[in-house]
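These notes are about the structure you will find just below.
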Ligand code: ADP
Ligand code: ZN
């Protein structure tokens, strides 16, 4: 009898040990933070990465544009600021984004953040949300300043499926028509040279300090974003792979 009890005890002990070990080895969901000045093509590279890694791409700029299209209260507030190249207040962005992540069930899958965080307050709010339950990496897309203006002012987006094009670098097959769905293309209201200047100023003042913040947390990787879409993607994947191993 005593032996049986001992045996049962041993089996239970081994099972508990195995489960604990397996859980500790279970991969945490990945959260990728895409950093970089306006014009570094965070949107293009985020959507490429999203397809490859099979996790959702969340752009706070797109969420605001959706609100503007649907004429919500938030959309009205955001449009006024966006048209001037200024930031939407932290509390509004954080609430919108976190609700979106929760509603879509993205807490479980992990995700790619494009355009968030943009201030220290937002970065801290994200850290608080993620705690230690996620693998975090910040990818900083570096691009030469003179290329920014050309990239931004030539940007075009599909009115229907949001596919990005570029007047010079990635022209559509038929002028002003989307290659994928044939809808019309448009230029964003804030993709003009004047608004870009103010977006860059805001970037340098509020967002650039986050590079330092993530460097100190040891999760920052610098990416050369001057090359083609394919080369940049390769670079991004290489850094993610390295991060996994370290
Ligand atoms: P880009 O990165 O090219 O500047 P986005 O589409 O990311 O463009 O953002 C467009 C605008 O939306 C920003 O200029 C800002 O007004 C607003 N916005 C987007 N994300 C944030 C954020 N995290 N915090 C504050 N404002 C934001
Ligand atoms: Zn389209």
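The values are calculated or read from the model by the stated rules, or taken from the named source; none is laboratory data. Keep in mind that this is a model prediction, so the values were computed, not measured. Cβ coordinates were reconstructed from backbone atoms using ideal geometry, including for glycine residues, and neighbour counts include every protein chain displayed.
Any residue at all in the range 90-106 that's under 25 Å from residue 209 (Cβ atoms), within 10 Å of ligand 1 (Cβ to nearest atom) and without any contact (Cβ under 8 Å) to a residue 24 or more places away in the chain?
Checked the range 90-106: at least one residue is under 25 Å from residue 209 (Cβ atoms), within 10 Å of ligand 1 (Cβ to nearest atom) and without any contact (Cβ under 8 Å) to a residue 24 or more places away in the chain.
Would you call residue 153 near ligand 2 (Cβ under 9 Å from one of its atoms) and either in contact (Cβ under 8 Å) with a residue 40 or more places away in the chain or surrounded by 15 or more Cβ atoms within 10 Å (Cβ to Cβ) (or both)?
On the way: near ligand 2 (Cβ under 9 Å from one of its atoms): no; either in contact (Cβ under 8 Å) with a residue 40 or more places away in the chain or surrounded by 15 or more Cβ atoms within 10 Å (Cβ to Cβ) (or both): yes.
No, not satisfied.
Could you check residue 216 against (1) modelled with pLDDT of 95 or more; (2) within 16 Å of ligand 2 (Cβ to nearest atom) and say which number it fails?
The single condition residue 216 does not satisfy is (2).
Modelled with pLDDT of 95 or more, outside any loop (DSSP other than H, G, I, E, B) and farther than 24 Å from residue 188 by Cβ: which single residue out of 126, 97, 81 fits that description? Spell out how you get there, then give the answer.
On the way: 97 fails: farther than 24 Å from residue 188 by Cβ; 81 fails: farther than 24 Å from residue 188 by Cβ.
Sole residue among the options that is modelled with pLDDT of 95 or more, outside any loop (DSSP other than H, G, I, E, B) and farther than 24 Å from residue 188 by Cβ: 126.
Picking from 107, 190, which residue would you name as being more than 16 Å from ligand 2 (Cβ to nearest atom) and either surrounded by fewer than 15 Cβ atoms within 10 Å (Cβ to Cβ) or part of a helix (DSSP H, G or I) (or both)? Give the derivation first.
Details: 190 fails: either surrounded by fewer than 15 Cβ atoms within 10 Å (Cβ to Cβ) or part of a helix (DSSP H, G or I) (or both).
Criteria check complete, one pass: 107.
Name the single residue, out of those in the range 193-227 being at negative phi, under 19 Å from the mean Cα position of the chain (by Cα) and in a loop (DSSP other than H, G, I, E, B), that is surrounded by the most Cβ atoms within 10 Å (Cβ to Cβ). Full working, then the answer.
Of the range 193-227, the ones at negative phi are 193-217, 219-227.
Then drop every residue that is not under 19 Å from the mean Cα position of the chain (by Cα), which leaves 199-200, 202-204, 206-215, 217, 219-226.
Now restrict to residues that are in a loop (DSSP other than H, G, I, E, B): 208, 217, 219, 225-226.
Details: 208: 13, 217: 12, 219: 16, 225: 26, 226: 13.
Restricting to residues being at negative phi, under 19 Å from the mean Cα position of the chain (by Cα) and in a loop (DSSP other than H, G, I, E, B), the top hit is 225.
If you scan the range 164-177, which residues turn out to be farther than 15 Å from residue 44 by Cβ and either in contact with a helix residue (DSSP H, G or I) (Cβ under 7 Å, 6 or more places away or on another chain) or in a loop (DSSP other than H, G, I, E, B) (or both)?
173, 174, 175, 176
As an exercise: evaluate residue 66 against (1) in contact with a strand residue (DSSP E or B) (Cβ under 9 Å, 6 or more places away or on another chain); (2) surrounded by fewer than 20 Cβ atoms within 10 Å (Cβ to Cβ); (3) part of a helix (DSSP H, G or I) and give the number of the one condition it does not meet.
(1)
Taking the conditions exactly as written (farther than 27 Å from residue 198 by Cβ, within 18 Å of the chain's Cα centre (by Cα) and outside any loop (DSSP other than H, G, I, E, B)), does residue 46 satisfy them or not? Full working, then the answer.
On the way: farther than 27 Å from residue 198 by Cβ: no; within 18 Å of the chain's Cα centre (by Cα): yes; outside any loop (DSSP other than H, G, I, E, B): yes.
It is false that residue 46 is farther than 27 Å from residue 198 by Cβ, within 18 Å of the chain's Cα centre (by Cα) and outside any loop (DSSP other than H, G, I, E, B).
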